Amino acid sequence: MFANKIVVAYNDTDLSNDLLDYVHGILALNSEIKLDIIYSYDEPVGLQSAFHQNFDSDLGEMEGVAQKIILKGEEKFADLPNSVEGYICKGSPATAILDHAKSTGADLIVIGNRGFTGIREFVSSVSRTVQSKAHIPVLIFPKFAKKDLEQE
């Protein structure tokens with residue numbers, strides 16, 4: 001078995017849903033592979049201002065959205081006997097993924113890549129940050145444009 005535990009970054013975008021479909025195929029090969037689905041979000045800095053009056057309700061709404069996203073991800077694996085758990089982390093997505101993978105003894109991180117290039121790739125790419133700092137292998141699932149595939 002190439003992995004006992006896989007950590008997947010998920011945020012309910014088309015790319016991350018395609019990524020979960022791919023991981024579903026991996027888990028279907030071996031019922032002993034465990035999966036952790038990670039959703040991470042940063043708390044808006046503006047919410048920490050003394051002038052913001054709905055601090056608690058906005059954070060509660062963010063947590064509610066996060067719960068729905070994790071449940072949607074977990075439901076994709078309901079037909080498999082594998083252990084699948086969802087985790088919601090507050091803070092930097094790259095840090096959350098790396099910390100979770102390390103603390104749980106994961107063997108593989110699977111993450112999507114939206115295809116940033118140039119300076120934006122180095123400044124805001126979660127997948128690039130995870131890849132460069134990970135202590136285990138990282139499988140980066142690229143975003144493919146359908147029209148690019150159709151032209152080939």
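Observations
- Residues whose amide H falls under 5 Å from that of residue 4, counting only those 5 or more places apart or on a different chain, are 107, with hydrogens built in the peptide plane.
- Residue order, fewest to most surrounding Cβ atoms within 10 angstrom, among 24, 135: 135, 24
- Sequentially through segment 26-31, phi angles give Karplus couplings (6.51, -1.76, 1.60; θ = phi - 60°) of 5, 5, 5, 6, 8, 6 Hz, Gly and Pro residues having no value and appearing as x.
- In order along segment 9-14, the phi-based Karplus estimate (6.51 cos²θ - 1.76 cosθ + 1.60, θ = phi - 60°) of 3J(HN,Hα) comes to 7, 9, 9, 6, 8, 4 Hz; Gly and Pro are listed as x.
- Around the amide H of residue 83, modelled in the peptide plane, lie the amide H atoms of 35, all under 5 Å away and 5 or more residues distant in sequence or on another chain.
- The ranking of 41, 10 from fewest to most other beta carbons within 10 Å of each one's beta carbon is 41, 10.
- Between residue 113 and 141, 143, the built amide H atoms are under 5 Å apart, and every one of these is 5 or more places off in sequence or on another chain.
- Summed side-chain charge close to residue 5 - residues other than residue 5 whose Cβ falls under 9 Å, Lys, Arg +1, Asp, Glu -1: -1
All of the numbers you see were taken from the coordinates with simple rules; none came from a lab. Worth saying up front: this structure is predicted, and the values here are computed from it rather than measured. Every residue, glycine as well, gets a Cβ built from its backbone with ideal geometry; the counts of neighbours run over all protein chains shown.
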